[in-house]
């Protein structure tokens, strides 16, 4: 797709809407729509967290090997990668709303089959279905939220989605702990059916994305939706002008054509892919999937203590995400990424050191747990919500589905590889070296952020797109 190289607007021109309107002008429909879409994040988190507590019980019931255990964990990521890949087509052709409805149905079916599983093979199939749902939700929900919310609160609303992910993880850890007392991993999966039903009913009530409607040449419908989501006619007119301009600046080639014909689009797609791989290499999902095993390595050998510690992980994860929501549109994306990567590096470095000398005293054991919590907090306030936010912001309108699909697939493929081989890596390298490697990677990611990641705080999606297509360096897309 050939795009006219239109120069960026001046800073004052770009920020006019943010100066003219305040957060007090946000209409209630925006918050309602955000809340309902974010339920997809709740399910995403619950499906991510549930396996942590269920796995020991599944291991005892089916007497599985370590290899089968890794397959049960990683099968969800395999499904998520496929779901994310397919959701690009679903979201582009049928719309963001129908994609979220499809995710809710798959969440419900996957949970139901997991409850009824009579073998590990059936359980793996259920996990793949749940993964398909997660892949669609993780692609569509941030994209949808980025397109319906005003630019001045866009970072906050996408971070609210991530807050729901962390809330889901906490809810899964808490339900795992509760159902562990009756040794029922099936109930741990069954609880997923409740929010899946809520998501299905809720999404029916929310509007389609005005940017998606405009991309399908349904401009009047787009304006009608915007009039319900913005506080004044002036704000609607301004945003429709930007959306219409972005659509008309592009021809009718499909995203594949744009990817192969336009170097600048390839830059944004590549950055999105790398950002998602970076998020996985921070080590966060290793913690989420294998938290009890990691606490065992840290000196907590009692199963109940491990599960209580896992609940604490979920709580810290959720609370630190609230920090991101409060500051992402004030401090900006990059300062919070710098702080988060540094905190994660320190946390993993301390864990590595304690494991190296041996956590053989209560002081060292609780120090290791504190460092692990520090790591979780660092991720939840930075790379957790902000990478999803950035990936939803940097892609041009016509290629947004394709670009976000590529980055989301990259997330889940990297996630799957890490989950499938982490236990083997841990056995080969040992705990101290494994966590030292994670600490070093997080230091590297600070430099990556400096040189390649743009600051997009308070900048419209259309302005970011104009900078991208004008060959502005990636780190300056928000200027």
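Looking only at residues in the range 135-154 that are under 13 Å from the mean Cα position of the chain (by Cα) and more than 22 Å from residue 247 (Cβ to Cβ), the one that is surrounded by the fewest Cβ atoms within 10 Å (Cβ to Cβ) is 138. Of the listed requirements (1) at pLDDT 90 or above; (2) crowded, with 23+ Cβ neighbours inside 10 Å, residue 460 misses just one: (1). Taking residue 384 as the residue in question, decide whether it is surrounded by 24 or more Cβ atoms within 10 Å (Cβ to Cβ) and within 11 Å of the chain's Cα centre (by Cα). For residue 384, the condition - surrounded by 24 or more Cβ atoms within 10 Å (Cβ to Cβ) and within 11 Å of the chain's Cα centre (by Cα) - is met. In the range 165-262, counting only helices (runs of 4 or more DSSP H) that sit wholly within it, the ones holding 3 or more residues that are surrounded by fewer than 23 Cβ atoms within 10 Å (Cβ to Cβ) span 185-190, 193-205, 219-229, 233-248, 255-261. Of the residues that sit in the range 312-332 and are farther than 15 Å from residue 160 by Cα and buried (at least 24 other Cβ atoms within 10 Å of the Cβ), which one is farthest from the chain's Cα centre (by Cα)? Ranking the qualifying residues of the range 312-332, first place goes to 313.
For the range 411-454, give me each residue that is over 20 Å from the mean Cα position of the chain (by Cα) and not in a helix (DSSP H, G or I). Listed by number, the list holds a single entry, 430. Across the range 89-98, not a single residue is classified as more than 27 Å from residue 218 (Cα to Cα) and either at pLDDT 90 or above or in a helix (DSSP H, G or I) (or both). Looking only at the range 188-227, count every residue that is within 30 Å of residue 117 (Cα to Cα) and free of Cβ contacts under 8 Å to residues at least 40 places away in the same chain and tell me the total. The total comes to 2. Within the range 114-134, if we keep just the residues that are within 21 Å of residue 39 (Cβ to Cβ) and more than 23 Å from the chain's Cα centre (by Cα), the residue that is surrounded by the most Cβ atoms within 10 Å (Cβ to Cβ) turns out to be 114.
Of the residues making up the range 248-262, those that are at pLDDT 75 or above and more than 26 Å from the chain's Cα centre (by Cα) are 260, 261, 262. For the residues 80, 35, 137, the requirement of being touching a helix residue (DSSP H, G or I) at 6+ places or on another chain (Cβ under 7 Å), assigned to a helix (DSSP H, G or I) and more than 20 Å from residue 421 (Cβ to Cβ) singles out 137.
The values are calculated or read from the model by the stated rules, or taken from the named source; none is laboratory data. Just so it is clear, the structure is predicted and the values come from calculations on it, not from any experiment. Here the Cβ is made from the backbone with ideal geometry for all residues, glycine too, and neighbour counts use every protein chain on show.
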